[in-house]
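The values are calculated or read from the model by the stated rules, or taken from the named source; none is laboratory data. In this text the structure is predicted, and so the values were computed from the model without any measurement. For neighbour counting, all protein chains shown are included, and Cβ atoms are generated from backbone atoms with ideal geometry for every residue, glycine included.
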Amino acid sequence: MKPSNPRVKLTVTIAKDVLQKAKKAADEKRIPLSRLIENFLEFFTNPTVYCFKCGAGFNTSDSALCPKCGWMICPKCKICRCGLSEESAIAVFYMRTVYEDLLAGRVKQN
Ligand SMILES: [Zn+2]
Ligand SMILES: [Zn+2]
């Protein structure tokens, strides 16, 4: 987010207890709630993930989907789920589930 971006007001209605808990957690981490929302919306619009093999960060829009495993191919090392052991693949699967719960859908679709 560039500092020159104009700021706009956002009004949303969410569950009271969710907001109260989020405010408390944000206070403890000293992060303004507006920045948290902004971060999430940026992530939602264009998720950045990290390769589970080489650790390179990449934008999901910069990666292709493997037709075999359906997971993103790292633009740097070209690894997808197919290049992992069964044990690592299971760990990756559940990590991916966290993303998909967060994003309310697939991280990347065809
Ligand atoms: Zn990689
Ligand atoms: Zn694959």
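Table for the structure above
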| quantity | calculated |
| --- | --- |
| Filter result for residue 87 (more than 29 Å from residue 37 (Cβ to Cβ), part of a helix (DSSP H, G or I) and charged (D, E, K, R)) | yes |
| Criterion violated by residue 58 - all others in (1) exposed (fewer than 13 other Cβ atoms within 10 Å of the Cβ); (2) at pLDDT 90 or above; (3) aromatic (Phe, Trp, Tyr) satisfied | (1) |
| Test result for residue 108, farther than 30 Å from residue 19 by Cα and either of a type outside the set (S, T, N, Q) or part of a helix (DSSP H, G or I) (or both) | no |
| Tally of residues being closer than 28 Å to residue 91 by Cα and either of a type in the set (Ser, Thr, Tyr) or part of a helix (DSSP H, G or I) (or both) across the stretch 1-54 | 13 |
| Cβ pairs under 8 Å, 6+ apart, first in the stretch 61-87 and under 19 Å from residue 44 (Cα atoms) and without any contact (Cβ under 8 Å) to a residue 40 or more places away in the chain, second within 15 Å of ligand 1 (Cβ to nearest atom) and in a loop (DSSP other than H, G, I, E, B) | 62/75; 64/73; 71/80; 72/63; 72/64; 72/66; 72/80 |
| Sole residue being away from ligand 1 (no atom under 16 Å from the Cβ) and of a type outside the set (Phe, Trp, Tyr), chosen from 53, 76, 108, 24 | 24 |
| Matching residues, the stretch 66-110, being among the charged types (D, E, K, R), more than 9 Å from ligand 2 (Cβ to nearest atom) and surrounded by 13 or more Cβ atoms within 10 Å (Cβ to Cβ) | 76, 78, 96, 106, 108 |
| Criterion violated by residue 49 - all others in (1) of a type in the set (A, V, I, L, M); (2) under 17 Å from residue 107 (Cα atoms); (3) more than 16 Å from ligand 2 (Cβ to nearest atom) satisfied | (3) |
